[in-house]
Amino acid sequence: MTDLLEHTAAELLELLNSGQVRAVELVQACLDQIARWDGLVGAFLQVGAEAALAQAAQIDRRRQVGEPVGPLAGLPVAIKDNLCTLNVPTTCASRMLADFRPPYDATVVQRLKQADAILLGRTNMDEFAMGGSTETSAFQKTRNPWDFERIPGGSSGGSAACVAARMTPLSVGTDTGGSIRQPAALCGVVGLKPTYGRVSRYGLVAFASSLDQIGPLARTVEDAALLLEVLAGHDPKDSTSVPRPVPPYSKTVGEKLQGLRIGVVPEHYTEGLDEEVAQAVQEAVRVYRSLGATIREVHLPHSKYAVAAYYIIAPSEASSNLARYDGVHFGYRTPEQAMRAQLEAEEALLRRTGNQTALEELDTPLVRMFRQTRSEGFGAEVKRRIMLGTYALSAGYYEAYYLKALKVRRLIRQDFDQAFQEVDVILGPVTPSPAFRLGEKIDDPLAMYLFDLYTVVTNLAGICGVSIPCGFSRLGLPIGLHLQAPAFEEDRLLRAAAMFQQATDWRRRPPLEKLVARRP
Ligand code: GLN
């Protein structure tokens, strides 16, 4: 049944609506694909086979008797594990939330349920979405379906890998500094970060609240439009969501933009940029020119400070958001008896040795519980962010770091405002290189952070951006093209992306069979 899985979501919807394919068949095909490949790829933390098949059967029945169904009826969608889903484990790939079952649905989950999408499973991610390789997950590694020795990108690595590996036609990710676009680029799929305020974050486990957005991953631009249309819209439960109507993205996505003005940014072509990526992006510029677009140089002079500003702002907000995991309100708590026994043993020792000062400084049981819970529940990268953020926000450093970073952020936004007076869309690379090897950068936080230089600007500016496939490296690894548009211009962004997709042929299937044969 793998051929069925080659269809795009839009095609599958037609097959379902016309009765040529049943939702049960489609769900079963996805489950078979997962059973066959996910042992290697590791995209899913959990798959809800039974519930999905039952829901699919119900949708088939409703279609048969002519009952109206939702806009995504019967389409399997995978969800990143930081989106709260009623009674379904929502772990953020953290030990801290290993047993957390939310008592409510995130708004996007509710919208997907209302659209009759089938929530097939939960995808792996970097712990609390902090990372760019999905390696900080407390539970498992996810492998890039184009090369099992390489990372799928992150933090929405599971969501990108499952779509690339044909396990689901659609998935949902989140993007705080690139976490939808970067894995989409590295796995050769489409990933869109909507404008800040376009999609409700109610029920998203917060990382950095002034940057977080939820968005679609898919294999085509049309499919991303289809999913975005369901996800987007005002929600009174998220005060940052904007009360603007949602344009019919899926209807307009195929319409060409006349007189499209594309901005290219000389600052993008720095030393760190891999030559093959630079070439693929330059080739994309030629494609747009041949489609009648005009190309202009625009400048984003402050983008060179973006990584520095982002890695102050995001950890600062994270340190505050993660304060709630104290073993009392949420999630994991260190085993009480072991902790008390340890505390008593320490106390007895100090009494024996007569160390009065150390005795006075000994934690109270409550403080010890906080400390131990957090040191056992969080992984190294999350702890690093909490420490960075706490430092940047502390008295005496706040002005020098956090406030300064906010000022840089404003300048970055102004650069974009100015650039968008001259051009409609800004084009560039998504990542400095194709996917790197598992383990290659994980012990070098600075190298990991620098990998984010092209994507964090979009979040800092609050605008929208998309990654679409634009080529392959000599090693056969996908390369992504980054398009960015002004706030709330997702319609323009999608149409510009679709023009490129129609003119090129970069949609390919990862060589899963060959990779298995090659594995030692
Ligand atoms: N890689 C970036 C980080 O580690 C972005 C993560 C994200 O967008 N969630 O913070």
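Condition first: in a loop (DSSP other than H, G, I, E, B) and more than 12 Å from the ligand (Cβ to nearest atom). Now tell me which residues in the stretch 164-189 satisfy that.
Looking only at the stretch 164-189, we keep the residues that are in a loop (DSSP other than H, G, I, E, B), and these are 165-169, 176-180, 188-189.
165, 166, 167, 168, 169, 188, 189 - these are the residues of the stretch 164-189 that are in a loop (DSSP other than H, G, I, E, B) and more than 12 Å from the ligand (Cβ to nearest atom).
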Worksheet entry | Residues satisfying the stated conditions in the stretch 387-410, i.e. among the aliphatic types (A, V, I, L, M) and surrounded by 17 or more Cβ atoms within 10 Å (Cβ to Cβ) | 388, 392, 393, 405, 408
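Residue-wise test of (1) out of contact with any Lys or Arg (no Cβ under 7 Å at 6 or more places or on another chain); (2) of a type in the set (A, V, I, L, M); (3) assigned to a helix (DSSP H, G or I).
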| position | (1), (2), (3) |
| --- | --- |
| 277 | yes, yes, yes |
| 283 | yes, no, yes |
| 286 | yes, no, yes |
| 313 | no, yes, yes |
Worksheet item: Of the residues that sit in the stretch 103-135 and are part of a loop (DSSP other than H, G, I, E, B) and among the hydrophobic types (A, V, I, L, M, F, W, C), which one is nearest to residue 177 (Cα to Cα)?
Response: 130
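Tell me, which residue of the stretch 429-472 that is at positive phi and touching a helix residue (DSSP H, G or I) at 6+ places or on another chain (Cβ under 9 Å) is farthest from the ligand (Cβ to nearest atom)?
Let us first name the residues in the stretch 429-472 that are at positive phi, namely 439, 462, 471.
Next cut, touching a helix residue (DSSP H, G or I) at 6+ places or on another chain (Cβ under 9 Å) only: 462, 471.
On the way: 462: 14, 471: 23 Å.
By that ranking, first place goes to 471.
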Worksheet item: Quick check: is even one residue across the stretch 140-158 within 10 Å of the chain's Cα centre (by Cα), hydroxyl-bearing (Ser, Thr, Tyr) and within 16 Å of the ligand (Cβ to nearest atom)?
Response: yes
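Residue 283: within 16 Å of the ligand (Cβ to nearest atom) and among the acidic types (Asp, Glu), yes or no?
no
Test residue 201 against the stated conditions and say whether it is part of a loop (DSSP other than H, G, I, E, B), in contact (Cβ under 8 Å) with a residue 40 or more places away in the chain and within 16 Å of the ligand (Cβ to nearest atom).
Values: part of a loop (DSSP other than H, G, I, E, B): yes; in contact (Cβ under 8 Å) with a residue 40 or more places away in the chain: yes; within 16 Å of the ligand (Cβ to nearest atom): yes.
So residue 201 fits the description; yes.
Could you check how many residues of the stretch 1-50 are of a type in the set (Gly, Ala, Ser), in a helix (DSSP H, G or I) and touching a helix residue (DSSP H, G or I) at 6+ places or on another chain (Cβ under 7 Å)?
Let us first name the residues in the stretch 1-50 that are of a type in the set (Gly, Ala, Ser), namely 9-10, 18-19, 23, 29, 35, 39, 42-43, 48-49.
Okay, now just the ones that are also in a helix (DSSP H, G or I), so 9-10, 23, 29, 35, 39, 49.
Filter once more, keeping what is touching a helix residue (DSSP H, G or I) at 6+ places or on another chain (Cβ under 7 Å): 9-10, 23, 29, 49.
Selection size over the stretch 1-50: 5.
Could we say that residue 95 is of a type outside the set (S, T, N, Q), out of contact with any Gly (no Cβ under 7 Å at 6 or more places or on another chain) and away from the ligand (no atom under 16 Å from the Cβ) here? Write out each step before concluding.
Values: of a type outside the set (S, T, N, Q): yes; out of contact with any Gly (no Cβ under 7 Å at 6 or more places or on another chain): no; away from the ligand (no atom under 16 Å from the Cβ): yes.
No: the conditions fail for residue 95.
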Worksheet item: Among the candidates 384, 374, which residue alone is under 30 Å from residue 441 (Cβ atoms), away from the ligand (no atom under 16 Å from the Cβ), surrounded by 12 or more Cβ atoms within 10 Å (Cβ to Cβ) and of a type in the set (Lys, Arg)?
Response: 374
Item to complete: Counting only residues that are farther than 21 Å from residue 310 by Cα, give me the helices (runs of 4 or more DSSP H) lying completely in the stretch 415-520 with at least 2 of them.
Response: 490-503, 512-518
Worksheet item: at pLDDT 95 or above and within 30 Å of residue 284 (Cβ to Cβ) - does that describe any residue in the stretch 389-406?
Response: no
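Does the stretch 227-240 contain any residue that is in a loop (DSSP other than H, G, I, E, B), within 16 Å of the ligand (Cβ to nearest atom) and surrounded by 17 or more Cβ atoms within 10 Å (Cβ to Cβ)?
First, pick out the residues of the stretch 227-240 that are in a loop (DSSP other than H, G, I, E, B): 233-240.
Narrowing further to those that are within 16 Å of the ligand (Cβ to nearest atom): none.
No; the residues of the stretch 227-240 include none that is in a loop (DSSP other than H, G, I, E, B), within 16 Å of the ligand (Cβ to nearest atom) and surrounded by 17 or more Cβ atoms within 10 Å (Cβ to Cβ).
Take the residues in the stretch 329-368 that are among the hydrophobic types (A, V, I, L, M, F, W, C) and surrounded by fewer than 12 Cβ atoms within 10 Å (Cβ to Cβ), then tell me which one is modelled with the lowest pLDDT.
Among those that are among the hydrophobic types (A, V, I, L, M, F, W, C) and surrounded by fewer than 12 Cβ atoms within 10 Å (Cβ to Cβ), it is 338.
Quick check on the stretch 423-439. Is at least one of its residues free of Cβ contacts under 8 Å to residues at least 24 places away in the same chain, over 21 Å from residue 225 (Cα atoms) and among the charged types (D, E, K, R)? First the steps, then the outcome.
Quick first cut of the stretch 423-439, residues free of Cβ contacts under 8 Å to residues at least 24 places away in the same chain only: none.
No - not one qualifying residue is present in the stretch 423-439.
Would you check which residues across the stretch 491-520 are of a type in the set (Asp, Glu), surrounded by 15 or more Cβ atoms within 10 Å (Cβ to Cβ) and closer than 27 Å to residue 5 by Cβ and list them? Spell out the reasoning first.
Going residue by residue through the stretch 491-520, those that are of a type in the set (Asp, Glu) are 491, 505, 513.
Then drop every residue that is not surrounded by 15 or more Cβ atoms within 10 Å (Cβ to Cβ), which leaves 491.
Hits for the stretch 491-520: nothing passes.
Among the listed residues 93, 161, 78, 138, which satisfies the condition of being touching a residue at least 60 places away in the same chain (Cβ under 8 Å) and either assigned to a loop (DSSP other than H, G, I, E, B) or among the β-branched types (Val, Ile, Thr) (or both)? Steps first, please.
Numbers: 93 fails: touching a residue at least 60 places away in the same chain (Cβ under 8 Å); 161 fails: either assigned to a loop (DSSP other than H, G, I, E, B) or among the β-branched types (Val, Ile, Thr) (or both); 78 fails: either assigned to a loop (DSSP other than H, G, I, E, B) or among the β-branched types (Val, Ile, Thr) (or both).
That would be 138, the only listed residue that is touching a residue at least 60 places away in the same chain (Cβ under 8 Å) and either assigned to a loop (DSSP other than H, G, I, E, B) or among the β-branched types (Val, Ile, Thr) (or both).
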Discussion item. Where the second residue is part of a loop (DSSP other than H, G, I, E, B) and hydroxyl-bearing (Ser, Thr, Tyr) and the first is at pLDDT 95 or above and within 16 Å of the ligand (Cβ to nearest atom) and lies in the stretch 297-318, which pairs have Cβ atoms under 6 Å and are six or more apart or on separate chains?
Written reply: 317/209
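Among the candidates 136, 123, which residue alone is within 23 Å of residue 221 (Cα to Cα) and within 15 Å of the ligand (Cβ to nearest atom)? Break it down stepwise before answering.
Working: 136 fails: within 23 Å of residue 221 (Cα to Cα).
Just a single option satisfies the conditions, and that option is 123.
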Worksheet item: Of the residues in the stretch 62-74, how many are surrounded by fewer than 18 Cβ atoms within 10 Å (Cβ to Cβ) and either assigned to a helix (DSSP H, G or I) or modelled with pLDDT under 95 (or both)?
Response: 2
Worksheet entry | Meets criteria (at pLDDT 95 or above, of a type outside the set (S, T, N, Q), over 29 Å from residue 93 (Cα atoms) and surrounded by 21 or more Cβ atoms within 10 Å (Cβ to Cβ)) for residue 59 | yes
Worksheet item: Could you list, in sequence order, the residues of the stretch 204-224 that are assigned to a strand (DSSP E or B) and either in contact (Cβ under 8 Å) with a residue 60 or more places away in the chain or on the phi > 0 side of the Ramachandran plot (or both)?
Response: 204, 213, 214, 217, 218
Response to the item:
With the first residue restricted to the stretch 448-462 and required to be at pLDDT 95 or above and hydrophobic (A, V, I, L, M, F, W, C), and the second required to be near the ligand (Cβ under 7 Å from one of its atoms) and not in a helix (DSSP H, G or I), Cβ contacts under 8 Å at 6 or more apart or on different chains are 448/131; 448/132; 451/132; 456/177; 456/178
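The values are calculated or read from the model by the stated rules, or taken from the named source; none is laboratory data. Computed from a predicted model, the values in this text were never measured in an experiment. Neighbour counts run over all protein chains shown; Cβ positions are idealised from the backbone, glycine included.
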